[in-house]
């Protein structure tokens, strides 16, 4: 990795997320699905490097396999912020990727949100958080929650956010070597789209009138049928702790009692699952707030 700090770049973290549950509760006339979910931020992150320019250029400083610069969410975020504000300044962008791409952990969306939050300060724009969330929604449904900056109960297409208090927790996250196309999963005829909506109280174990457990992912069964590697990781993890898939996959995760337990389980996963296929994995603690929460 290039030493971007030596080249005058500032570094900003872009944390991963997991969905503690994900319900598909309906579908809008325009085809977008209506969801309920809880986003949990993690202390495992990409690092976004930014160097403001005096001209209006927005440039990516490195190649990203399979992602041309014009489609890069970080580049698009910077250009959209320019258009929205009329800002005449530019930026050079680099990203140190640690979050697996296409794993349902929000890496690209988080990178874009970090660009919005950081440039809001570096370009002295002083936009309110709600305005940045609206800009982020134009980039993708997961971008607003990272701008929101804390663990959130989400509804709509994922953009209607409420803060939610979550207890401290450690998570083991496993990512098999497959790419799950989100659009393909949401288009599946096997996907149920009529889960009865739940409530924050029920999710928190406080609702006496709703016996439906929200601790599941409605996309999970569809993904597991189409991608055996995801089913294998989820099955292995479920033998050791209650596990589920994050987002549309391919990553799966389980909450562990402490970091030591999670680390021991990660070693076993690498030994036992790793004997059949390469697997990425990490241990992370849940965050209460995004590291850049004070930037808007």
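Taking the conditions exactly as written (out of contact with any helix residue (DSSP H, G or I) (no Cβ under 7 Å at 6 or more places or on another chain), farther than 16 Å from residue 159 by Cα and buried (at least 22 other Cβ atoms within 10 Å of the Cβ)), does residue 7 satisfy them or not?
No.
Just checking: which of the strands (runs of 3 or more DSSP E) contained wholly in segment 224-290 hold 3 or more residues that are in contact (Cβ under 8 Å) with a residue 40 or more places away in the chain and touching a helix residue (DSSP H, G or I) at 6+ places or on another chain (Cβ under 8 Å)? Give the steps one after another, and end with the answer.
Details: elements: 243-245, 252-256, 280-285.
Output list reads 252-256, 280-285.
If residue 195 meets every condition in (1) under 18 Å from the mean Cα position of the chain (by Cα); (2) assigned to a loop (DSSP other than H, G, I, E, B); (3) modelled with pLDDT of 90 or more apart from one, which number is that one?
Failed condition: (1).
The values are calculated or read from the model by the stated rules, or taken from the named source; none is laboratory data. Just so it is clear, the model here is predicted, and its values are computed rather than measured. Every residue, glycine among them, receives a Cβ derived from its backbone with ideal geometry; neighbour counts consider all protein chains shown.
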